[in-house]
Every structure is written in structure tokens, then in C-alpha cells.
Amino acid sequence: MSTPFGQLDEVMNLKETLSTETDRGCALHAASYLDNELGVMLAAHFVDDTKTCNELFEGTGGLATFSARIAIAFALGLIPKNVRNDLTLIRRIRNEFGHNPRQIGFDHDAIANRCRELYFRWERLDRPPRRFFENAVFAVASQIHSAKWSAKRPVAPKEIEIKEEHREEHREYVERLLAAITQESQKST
């Protein structure tokens, strides 16, 4: 995991990259960055099991989407509500750009309105909406990075050891349970 200062270089590179992007490129790139960083942050709070993390974060895994990562980060208490809300707005702004075939920018009404809703916009409302967006991206990124740095990876519980005599008791219990279920089923038919 990178240090806070290593992350600063990464964020400065992101800032430089976003400044050269079109509005659409800025929204898509920034959201992709935050989506990835949420995944890294969440994984830092999970037991060290690459296979399980890959299953969760890839393909159809439960945490493969930006919205799922936002929800679980909030539900686990890793990000506050205002960060969750801004991440959701950033995701919606990304979707507006990503699903709109027309040439649109941050001044497009639906996008500009969402940018004005951002909590971490820092600017007066008469400023360009793209600045609101970029300010929120960097503020939210700092919150995600902070949660990542403070992660305390849990240790998986010890494996349960079952002695052979307990296996036999369990088998007998299951057989009695199945017999009782079968008997009840026959009574009701």
C-alpha cells in the first residue's frame, strides 16, 4: 500500500490529466479513478485472500460496480454520508456523459445541476460546474485515501477442527432430522 506522500504524487498526476481532458473525458476518468480507489480501500479492510477479493471485485461479483462499492463503503462506516452522496453524484454525472451520444459538457443542464449539488465543491455557485466537479473529486479522493491508510486488515478466524466422534454425532443428527422431515411430509400428504 502506498504512503500518503506517494498518493499525493498520484493525485497530482490525476489533476494534471483531468486538466487536459475534454469534459466527457474528465468525468469518465475521474469516476474511474474513484471507483478503483474505492475497491483498493475496501480490499484493505478485508482479510488477506486474493481469490475472495477477485471474486468480489471482478465480473459479476457483489462489489464489481461503482454503486455497490459506494454503498458498502458507507455501510461499513468507512466513508461519511456526505462523501457517499458526492460519490453518487459523481457516478451519475459519469453516467450522463457515458450514456449521452450528443456532444455535451459540464454546462449541460442535468450535469451542471448535479455539480451544484456536490457538497465538496468549495466554489461559489457562479463558478464553472467543471470546477465544482474537480474539487469534489479531489476532496472525495482524500477521504478514500484516508480510509485506506487507516485500514486494519482483519485476520480470518482459525479453521474449525471437527473431531471424528463429532462427525459421527453430526451424521446421526442429520439422519434423525431428515427422518423427522420425511415423516412430517408424509403426514401432510
Yes or no: the range 120-129 includes at least one residue that is surrounded by fewer than 17 Cβ atoms within 10 Å (Cβ to Cβ) and touching a residue at least 24 places away in the same chain (Cβ under 8 Å). no
First in the range 66-77 and exposed (fewer than 15 other Cβ atoms within 10 Å of the Cβ), second anywhere and of a type in the set (S, T, N, Q), Cβ under 8 Å, 6 or more apart: S67/T88
Is there a residue in the range 84-99 that is acidic (D, E), touching a Phe, Trp or Tyr at 6+ places or on another chain (Cβ under 6 Å) and farther than 30 Å from E159 by Cβ? yes
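Since every read-out is calculated from the coordinates, none of them should be taken as a lab result. Values in this document were obtained by computation on a predicted structure and should not be read as measured data. Here Cβ is always computed from backbone atoms with ideal geometry, including for glycine, and neighbour counts include all displayed protein chains.
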